[in-house]
Every structure is written in structure tokens, then in C-alpha cells.
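Some notes on the structure that comes next.
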Amino acid sequence: MGFFDSIKKATGLGLNAEEHYTRAWEKSVLLGAAKYGEAVALFQAAAAKADEAGDPALAQRARANAHLYGFVATGKAEHLVKLREQLDGLEQIEQVGSRNEAISAADLAAELDARLTEAAATGVSERDHAARVKAHGAAASAFKRIFANPLLTYRYHSPDQHKESAQSRYFLHEGLAAWHAANVAAGRDPDAASGELSRAMQHFNQAGDESWSQRTNGWSVKLKKRRTCWVCHREFQGEDLHFETVSAEVTPYALAVIAHLGQDVHSLDPAQQQAVLCAPCASVVRGLADIIAQRRTEELRSEMNVKFGQMVEAITDLQGAVRTLASRISSLESVAHRH
């Protein structure tokens, strides 16, 4: 390579579109992952030069690579959106880190479609369970279309451990859809919610997600529990949802009384000093407690205001006494100085 060729390679001046494209690889990607961030501007420059030369195919490929490496370097979703726009019409695109190996542009586009659908799902409020059912269902459907494909972008940036296969993400979202469906059903039918949790558990196990499996199992166990309320003597299903345990003074005698009456002895726990309250009764108790607490707070506030007023009055009296004493001392000092 001659001197002027070296200058052109170093500065980019005087290069044609193809040479700009090659320069982007040589000055960034092929130097290693630490240089991927620099590839964005270099590929964008190559795209601009290709536009000037009337080579739309090269311009499109250069822009696709600019956003591909922009995402790999930063993890910013905006690059994925722009990369997806550039993939339509391309048959292949170079594999990350390699000029000679290529991947299917259609496969990458399908993964990005699924990934963007997934991102939309995570943007839905965790408390909007009905909307989450639909959103995770849509994500599952998107990953199902590429079920057998290895994942291409998740190996660089992933929100969780499922970064190898579309199959894993499909089962994850199926599980999350069932989890939120259980939340929808739990308020009206704990048995139906338990069925959804069983389905969620199956999908989480297929995804190999131990954390979600354990969480689902824990909730399933609680949801199947039944206890009789100590206050209203009605049986409710679903611990921490339709009934709860609260602190109470439980004596052996109290337990003996309900046993003698043939009532549910599990409504009291002498070992933990707890009693079972259904959600309606617990809400009534808390409501009454809030009213009592508010009244007591107002009483204390009134007492403190009275005491504060008395304190201010006492301080004012003391300040007057101090001023009187100070005046007398000053008068005495004046007399003393004259003698």
C-alpha cells in the first residue's frame, strides 16, 4: 500500500463507498469488541458515501451494521428498532465480529420482531394482570415462530438468563402469561387460579427457570390452603389473599373451647400466638383500628397544644421575671458605682 493509500485509509478522504465500507471493518470491528462502539460512525459514513454513489444496497447494509454494532456496544433498544428497519430486503448480514461469515437477515428480523414485542410486554404495569396476559401471550407467539432458532442478539444483552434459544423464551412468556392469568382469576376463584399456576409451573420448568418455578410453587401452596376465620367462622381459601394470620393472645383454654364446640381448631395457633382472619373481617378490624388511631392522634394533638400553650405562657412569665431581675441588678450596679 502506497503512502497516499495509507493516508486515505487513515483519514477516509478520497475513498469510494466500497472502500469506506472496508475501512469501517478494518478500523473498528476487526480490531475486537472494544472497538465496536466506533463502528457506528464509520458504517454511517460508508452508508452516506454509498448514497452519494447511488448504491442503495451497500448503503442499507452499512446502516444495518451501524445499528447492529450500536446495539452490541451499548444495549440501547433504539438501535434494535433502526436495525429492524434496515433488514427488510436483505438476504444476509455479516455475523458479529466477522467479515466473512454471514447470518440470515430474515432470521435476525424475526428475532427482533419477537424482542420488540417482548419489550412492549415489559412496559405494561405489573399490576395490570389482564393486559400482561395479552402482552406475554403475544411475545410467546412471536418466539414460537422462531422456536428452533438460536438467539443472535441475546448473547450480547439479555434481561435474564434465557439467552441461548427462542424455545426458552417462548416457554418463559407462556409461563408469565399463565402467572398473570392466575392473578386475574385468584380474586374470584382460587381453584381456577391454581389451575393457571400449574400451567405456569409446567412452562417455567420447560424454560429451565428455577426462580420462577419456586415462586410459582410457593404461591400455589398458599393458594390451596383453607382456613376458618376466627371472627365470622366461615372457611376461606387462599392464604395472604382471602385470609391471613394476625397476632393474638391464644390460651390453651381458648383452643379447648373451640375444640369442644366442634369448630375448626386451625383458626387459632397457640404456638405462634396467632389467629386467622378472612380478608373482609381483617379489613373491618384494620378500618376500626385506623379510626381509633386517628381519634387518639387528635386527642394527643389537642393535649400537646394545651401543654405547649401552657409552656409558652410559663416561658413568657420567666422571661418577664428575668428582665425584671436584670433591671434591678443594673440599678444596684449603678448605685454601687456612685459610692
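The values are calculated or read from the model by the stated rules, or taken from the named source; none is laboratory data. Small disclaimer: the values here were computed from a predicted structure and weren't measured. All Cβ positions, glycine included, derive from the backbone under ideal geometry; neighbour counts span all protein chains shown. SASA here: full protein model, heavy atoms, side chains in, ligands and nucleic acids out. Shrake-Rupley method; radii C 1.70, N 1.55, O 1.52, S 1.80 Å.
Just a few scattered comments:
- Test: residue in the stretch 162-183 that is over 22 Å from ALA142 (Cβ atoms) and open to solvent by 20 Å² or more (accessible area, probe 1.4 Å): yes
- When GLN95 is tested against (1) touching a His at 6+ places or on another chain (Cβ under 6 Å); (2) open to solvent by 60 Å² or more (accessible area, probe 1.4 Å); (3) under 20 Å from LEU30 (Cα atoms), just one condition goes unmet, and that condition is (1).
- Hits in the stretch 233-266 - residues which are in contact with a His (Cβ under 8 Å, 6 or more places away or on another chain) and in a helix (DSSP H, G or I): none
- The residues listed here are LEU58, LEU31, LEU68; of these, the one that is open to solvent by less than 30 Å² (accessible area, probe 1.4 Å) and farther than 22 Å from LEU151 by Cβ is LEU58.
- Qualifying residue in the stretch 227-234 (condition: open to solvent by 40 Å² or more (accessible area, probe 1.4 Å) and of a type in the set (S, T, N, Q)): no
- Scanning the stretch 42-58 for residues that are in contact (Cβ under 8 Å) with a residue 24 or more places away in the chain and small (Gly, Ala, Ser) returns ALA45, ALA46, ALA50, ALA53.
- Inter-residue pairs, beta-carbon under 8 Å, first modelled with pLDDT of 50 or more and in the stretch 1-30, second aromatic (Phe, Trp, Tyr) and in a helix (DSSP H, G or I), 6+ apart: TYR21/PHE43; ALA24/PHE43; SER28/TYR36; SER28/TYR69; VAL29/TYR36; VAL29/TYR69
- Scanning the stretch 136-149 for residues that are open to solvent by less than 60 Å² (accessible area, probe 1.4 Å) and outside any helix (DSSP H, G or I) yields a count of 2.
- Qualifying position, being free of Cβ contacts under 8 Å to residues at least 40 places away in the same chain, in a helix (DSSP H, G or I) and of a type in the set (Val, Ile, Thr), among VAL221, VAL133: VAL221
- Condition broken by ASP191, with the remaining ones in (1) in contact with a Gly (Cβ under 8 Å, 6 or more places away or on another chain); (2) in contact (Cβ under 8 Å) with a residue 40 or more places away in the chain; (3) surrounded by fewer than 19 Cβ atoms within 10 Å (Cβ to Cβ); (4) not small (Gly, Ala, Ser) satisfied: (1)
- Residues that are farther than 30 Å from LEU268 by Cβ and among the aliphatic types (A, V, I, L, M) within the stretch 193-237 comprise ALA200, MET201, ALA207, listed in sequence order.
- Residue within the stretch 46-54 that is outside any helix (DSSP H, G or I) and on the phi > 0 side of the Ramachandran plot present: yes
- Checked against the criterion of being surrounded by fewer than 17 Cβ atoms within 10 Å (Cβ to Cβ), closer than 25 Å to ASP160 by Cα and in contact (Cβ under 8 Å) with a residue 24 or more places away in the chain, the candidates ALA121, ALA77, ALA114, ALA110 yield just one match: ALA77.
- Positions within the stretch 235-264 being on the phi < 0 side of the Ramachandran plot and open to solvent by 60 Å² or more (accessible area, probe 1.4 Å), in sequence order: GLU235, LEU241, THR245, SER247, GLU249, PRO252, TYR253, HIS260, LEU261, GLN263
- Of the residues making up the stretch 271-314, just one is polar (S, T, N, Q) and in contact with a strand residue (DSSP E or B) (Cβ under 6 Å, 6 or more places away or on another chain), namely GLN274.
- Test for TRP179: is it in a helix (DSSP H, G or I), under 19 Å from LYS134 (Cβ atoms) and either basic (Lys, Arg) or modelled with pLDDT of 95 or more (or both): yes
- Boolean, ARG84 is of a type in the set (D, E, K, R) and assigned to a helix (DSSP H, G or I): yes
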